[in-house]
Structure formats: C-alpha cells, structure tokens
Amino acid sequence: MDIASRVTTGEYRRGDRLFGRSSLAGLYKVSPETIRRAVALLHSRGVVRAVAGSGIVVESEGAASRYLEESKMGAALLELEEEIERLLGERKALEARLEEAIVKVLHYTSGTITTMRHVEEVMIPADSALVGKTLGGADLRNNTGATVIGIARQGEEIFSPDPSMPIRVQDLLIVVGSTEAKDRLRALVGMPPRGGDSA
C-alpha cells in the first residue's frame with residue numbers, strides 16, 4: 001500500500017528503480033519473504049515490474065491508483081464482514097435469551113393456570129359452625145387439607161389474611177386445594193359438596 005501510494009503521488013515515477021528487496025525489507029522492517037510477496041502482488045497488478053538483473057521498476061501510476069482503490073474497497077468489505085459476524089453473534093445471543101425468557105413465561109403461565117384451576121370460593125352460611133371463629137382457630141388446613149389464600153368480604157378482597165381474622169357470615173373463603181380437600185371444607189362450613197344436594 002505504501003509503495004503504491006508513493007507511485008500515485010509521484011514520489012516514484014514510471015521507469016524509476018526501487019530499492020533492492022533487502023533494502024526494502026530494512027526500510028519497512030519486515031522479512032525479505034514479505035517484500036517478495038508484496039513485489040509479486042504489485043507486479044501482478046501492473047504497478048511495478050520485477051526485472052531479472054535490473055531490480056524493481058515502476059510501471060504505471062494508473063495501476064497504482066486502481067490498486068489503492070481496490071485495496072480500500074477490500075478493507076471496507078472486510079470491515080463489513082467483521083461487523084456482520086459481530087451482529088450475527090449478538091443476534092444469536094439475543095435469540096438464546098429470548099428463547100429462555102419465552103420458556104420461563106410458559107412455565108410461569110402454566111403454573112398460574114394450574115393453580116387457578118384449583119382455586120374456589122366457599123361462602124360461609126349464617127348457620128355455619130365456623131362463624132365467629134378465627135382462621136387460626138378453625139385450623140382449616142389441618143382439618144380439611146384446603147388452604148385459605150384470601151377472603152372476599154363486602155366487596156373487599158383480603159389476600160393472605162391474618163390467622164387472627166374472625167370468620168363472618170357471607171364471607172367468601174378463597175381456597176386452593178384438591179377436590180377432596182375443598183369438599184371437606186364445604187362440609188365443615190356446612191355446605192353440600194359440589195354437585196351435591198342441599199336437601
């Protein structure tokens with residue numbers, strides 16, 4: 001690139017003889033093999049001629065200009081290729097993170113839906129033996145297997161209610177548990193099991 005640039009600026013003119021390969025190797029602080037490859041490349045592009053016994057002769061300023069332009073295009077393409085490779089790597093990492101997030105959403109959604117299927121509301125009738133007792137005193141979980149996760153009372157929903165909260169008439173106990181546990185709770189409350197006859 002430097003030799004071609006010097007040719008285009010007129011520092012080296014057509015017909016000029018360049019330094020020998022050993023001198024060029026010393027000038028650019030590279031090995032003679034690197035100089036041989038550089039001269040061969042410039043020779044193939046018509047910038048210089050390597051003449052046996054005469055050394056390296058400048059051949060064409062126009063060829064040097066074309067070589068520089070092609071080299072700039074090549075460098076730009078290489079830079080674009082590296083940028084594309086980097087972006088593809090980022091996209092792959094992003095897709096992996098996106099897939100992981102989707103799996104988590106599906107997992108959590110599935111768990112929520114499963115839980116919702118087991119949630120039920122049980123109303124406390126006026127003649128229930130639980131009226132006036134506290135949630136802790138009724139010990140519903142140990143007695144029925146169902147867990148009270150909330151109470152709906154006069155339009156207000158109280159989640160994770162305190163064990164000291166008293167049970168009142170027409171409270172809606174929001175419970176979760178197996179079908180059998182909820183049926184035991186309904187029986188304890190004084191209601192028929194689901195699908196049962198209240199008569």
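Under 6 Å between Cβ atoms, at least 6 apart or on separate chains: pull out the pairs that start in the stretch 36-53 with a residue that is in the same structural domain as ARG21 (by TED's automatic domain parsing) and end on any residue that is assigned to a helix (DSSP H, G or I) and of a type in the set (Phe, Trp, Tyr).
Listed pairs, sorted by first residue: ARG45/TYR67; VAL47/TYR67.
What's the total number of residues in the stretch 157-173 that are within 45 Å of the chain's Cα centre (by Cα) and under 20 Å from ALA126 (Cβ atoms)?
Summing the residues that are within 45 Å of the chain's Cα centre (by Cα) and under 20 Å from ALA126 (Cβ atoms) in the stretch 157-173 gives 2.
Within the stretch 2-26, count every residue that is surrounded by 13 or more Cβ atoms within 10 Å (Cβ to Cβ), assigned to a loop (DSSP other than H, G, I, E, B) and under 54 Å from the mean Cα position of the chain (by Cα).
So the answer is 0.
If the requirement is being among the aliphatic types (A, V, I, L, M), touching an Asp or Glu at 6+ places or on another chain (Cβ under 9 Å) and not in a loop (DSSP other than H, G, I, E, B), which of these qualifies: VAL57, VAL39?
VAL57 is the lone residue from the list that is among the aliphatic types (A, V, I, L, M), touching an Asp or Glu at 6+ places or on another chain (Cβ under 9 Å) and not in a loop (DSSP other than H, G, I, E, B).
Select from the stretch 56-106 the residues that are over 25 Å from THR9 (Cβ atoms) and either in the same structural domain as ARG36 (by TED's automatic domain parsing) or of a type in the set (Val, Ile, Thr) (or both) and list them in ascending order.
Answer for the stretch 56-106, where residues must be over 25 Å from THR9 (Cβ atoms) and either in the same structural domain as ARG36 (by TED's automatic domain parsing) or of a type in the set (Val, Ile, Thr) (or both): ILE84, ILE102, VAL103, VAL105.
Only residues that are of a type in the set (Phe, Trp, Tyr) and touching a strand residue (DSSP E or B) at 6+ places or on another chain (Cβ under 6 Å): list them for the stretch 1-22, please.
TYR12 - this is the single residue of the stretch 1-22 that is of a type in the set (Phe, Trp, Tyr) and touching a strand residue (DSSP E or B) at 6+ places or on another chain (Cβ under 6 Å).
Out of all the residues in the stretch 159-173, which are among the aliphatic types (A, V, I, L, M) and either in contact with a Leu (Cβ under 6 Å, 6 or more places away or on another chain) or modelled with pLDDT under 90 (or both)?
Result: MET165, ILE167.
Return the only residue of ALA4, ALA50 being among the small types (Gly, Ala, Ser) and in contact with a His (Cβ under 6 Å, 6 or more places away or on another chain).
Exactly one of ALA4, ALA50 is among the small types (Gly, Ala, Ser) and in contact with a His (Cβ under 6 Å, 6 or more places away or on another chain), namely ALA50.
Taking LEU42 as meeting all but one of (1) over 18 Å from MET1 (Cβ atoms); (2) in contact with a strand residue (DSSP E or B) (Cβ under 6 Å, 6 or more places away or on another chain), write down the number of the exception.
The one condition LEU42 does not meet is (1).
The values are calculated or read from the model by the stated rules, or taken from the named source; none is laboratory data. The shown structure was predicted, so the numbers you read here are calculated from the model rather than taken from an experiment. Heads up, the Cβs are rebuilt from the backbone with ideal geometry, glycines too, and the neighbour counts pull from every protein chain shown.
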